[in-house]
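Working notes, structure below.
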Amino acid sequence: MNAKTLLQDDLRYIWHPCTQMKDMDNFPILPIKSGKGVYLYDFDDNKYIDCISSWWVNIFGHNNSYINARLKEQIDILEHIIFAGYTHEGIVRLSKRLISALPNKLDKCFYADNGSSAVEIALKMSHHLNLLQGKNKSIFLSLQNSYHGETIGALSVCDIGIYKQTYKNILISNMQTPIPKDSTRDSINIALNELDSILQKHSNSICAFILEPLVQCAGGMNIYPKEFVKEASKMCKEAGIYVIFDEIAVGFGRSGEMFALEECESTPDFLCLSKGITGGYLPLSVVVVSDDTYDAFYGDYNKSFLHSHSYNGNPLAVACANATFDIFENNNIIENNRMLSDFIFDKFCELSEFSIVSNIRRKGMIFAFDLDVKYDRSFSLRFANLALKEGLIIRPLGNVVYFMPPYVITKEEVIFVINALKNIIKTLGK
Ligand SMILES: Cc1ncc(COP(=O)(O)O)c(C=O)c1O
């Protein structure tokens, strides 16, 4: 099939996610034929650097020969098995590895198959856990400008109007508390004081506090201080409110450490992981909880946590997750990323020569800047289109341009990206 026919059939049969399909008249989607490393190739063999790791999932490059090999091995052994009443070798191995990589009090893994489902599980489980203790608490607390997914529960704890507004009448009860406006002690205290006054008034009805530790990714790569994460979590715990860390985007090295909770020196009651867990190959997510939580559900039938998905713990996804862990363990990734991050940030700062670029920032392997341009809803597509011409796959969030590459990107490729970004910014500035 050639690209033209593919595109016609795509538009005839498919409704793409998070897209106003009418935009496709002006900004047609790009059929991708193959991938290798940081590159994706179209049907004319043009290559593009995947600057956004295909929605932040692909951490070790496309068509990674090591992950491919582990996946191919698994496919000849077991492709899937119902995960209620049955288990398999890969998932036991993965769970052991996860638990030993995480702090004490994160002892048991509950699996699902995407980030939003992990958030749903954490919300439901925290509510259920309260019920088991005779407490009917039904409000969820999250941060202003938060993003946790787009299913009804996850959307309820989001605070990004374009996703949430339309559905406000069908959401579950939620409240938001501010994030510090910068990393100064004063700003942290102001945000903590606001949280304190919410807790004073509502702690008896707040079930759990959910946050994306260190970086609100979909909220515009908004980096905020670890002290706030640590102190806000402590305050909530002391007020009898469960703490959920949503590390779906920042986990697996993206924030700099393997998990952001390490830097925040705090252990949540529920930890949600997904995205990088399979190296971007197959859908998988997990909610990690303590033995105390697990024990509270253990016993009579009426205590059971009745939540499942058909593809829970899929062996193919799990094989990719174990392969991803192998790569972390055998290649000193977190340490190497520290040097890579410094190199990228150094180059990224060259963009400050443009007056329309401001607030250049980074956290681990997340890099971003704001663009002072006349912004409208199609800006991201216009930018993405210019980027394609320069050989980049990149999609700004509003006027925030971010770079979240696979960790296998080379210095030469980084320099290529920076030069391409300069060309795009020059064109925009005209
Ligand atoms: C922090 C965070 N939580 C949850 C989600 C939802 O994950 P998924 O898209 O796999 O449902 C995302 C997705 O971008 C995310 O960034």
query = Of all the residues that make up segment 93-125, how many are more than 9 Å from the ligand (Cβ to nearest atom) and over 23 Å from Ile81 (Cβ atoms)?
reply = 12
request  = Might you let me know whether segment 185-208 holds any residue that is within 21 Å of Asp269 (Cα to Cα) and within 14 Å of the ligand (Cβ to nearest atom)?
outcome  = no
task = Please list, ordered by first then second residue, the pairs with beta carbon atoms under 6 Å, 6 or more apart or interchain, first in segment 134-157 and touching a residue at least 60 places away in the same chain (Cβ under 8 Å), second in a loop (DSSP other than H, G, I, E, B) and surrounded by fewer than 18 Cβ atoms within 10 Å (Cβ to Cβ).
result = Lys137/Ser205; Ser138/Ser173; Ile139/Ser173; Ile139/Ser205
note = When restricted to Ser203, Ser183, Ser197, the only residue free of Cβ contacts under 8 Å to residues at least 12 places away in the same chain, of a type in the set (S, T, N, Q) and surrounded by fewer than 22 Cβ atoms within 10 Å (Cβ to Cβ) is Ser197
note = Taking first residues from segment 283-297 that are within 16 Å of Val243 (Cβ to Cβ) and second residues anywhere that are in a strand (DSSP E or B) and at pLDDT 95 or above, the pairs with Cβ under 6 Å that are 6 or more apart or on different chains are Val287/Phe110; Val287/Phe270; Val287/Cys272; Val288/Cys109; Val288/Leu271; Val289/Lys108; Val289/Phe270
ask   = Here are some residues: Ile415, Ile409. Which one is hydrophobic (A, V, I, L, M, F, W, C) and either surrounded by fewer than 22 Cβ atoms within 10 Å (Cβ to Cβ) or more than 25 Å from the chain's Cα centre (by Cα) (or both)?
value = Ile415
note = Here the qualifying pairs (Cβ atoms under 6 Å; residues six or more apart or on different chains; first in segment 415-426 and over 17 Å from Asn385 (Cβ atoms); second open to solvent by 30 Å² or more (accessible area, probe 1.4 Å) and in a helix (DSSP H, G or I)) come out as Ile418/Lys347
inquiry  = Being more than 20 Å from the chain's Cα centre (by Cα), surrounded by fewer than 17 Cβ atoms within 10 Å (Cβ to Cβ) and assigned to a loop (DSSP other than H, G, I, E, B) is the requirement here; does Arg395 meet it?
reply    = no
inquiry  = Can you tell me which condition Asp113 does not meet? The list is (1) among the charged types (D, E, K, R); (2) modelled with pLDDT under 95; (3) touching a Pro at 6+ places or on another chain (Cβ under 6 Å), and all the others hold.
reply    = (2)
query = So which pairs qualify, if the first residue must be in segment 357-382 and in contact (Cβ under 8 Å) with a residue 12 or more places away in the chain and over 14 Å from Val400 (Cβ atoms), the second must be among the hydrophobic types (A, V, I, L, M, F, W, C) and surrounded by fewer than 22 Cβ atoms within 10 Å (Cβ to Cβ), the Cβ gap must be under 7 Å, and the two must be at least 6 apart or on different chains?
reply = Leu381/Phe27
ask   = Considering only residues of segment 209-235 that are within 16 Å of the ligand (Cβ to nearest atom) and among the aromatic types (Phe, Trp, Tyr), which is farthest from Glu263 (Cα to Cα)?
value = Phe209
message = Return the residues of segment 272-296 that are open to solvent by 30 Å² or more (accessible area, probe 1.4 Å) and among the hydrophobic types (A, V, I, L, M, F, W, C); say none if nothing qualifies.
response = Leu282
query = Looking at Ile162, Ile179, Ile170, which one is more than 11 Å from the ligand (Cβ to nearest atom) and modelled with pLDDT under 95?
reply = Ile162
ask   = Can you name the helices (runs of 4 or more DSSP H) wholly within segment 6-110 that have at least 2 residues being open to solvent by 80 Å² or more (accessible area, probe 1.4 Å)?
value = 65-75, 89-101
ask   = Which numbered condition trips up Asn337, out of (1) within 30 Å of Pro396 (Cβ to Cβ); (2) free of Cβ contacts under 8 Å to residues at least 40 places away in the same chain; (3) within 23 Å of the chain's Cα centre (by Cα); (4) part of a helix (DSSP H, G or I)?
value = (2)
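The values are calculated or read from the model by the stated rules, or taken from the named source; none is laboratory data. Note that the structure is a prediction, hence the values are computed from the model and not measured. Please note: Cβ atoms are built from the backbone with ideal geometry, for glycine as well, and neighbour counts cover all protein chains shown. For the accessible areas, the whole protein counts, side chains as well, though only heavy atoms, and no ligand, DNA or RNA atoms are used. Shrake-Rupley method; radii C 1.70, N 1.55, O 1.52, S 1.80 Å.
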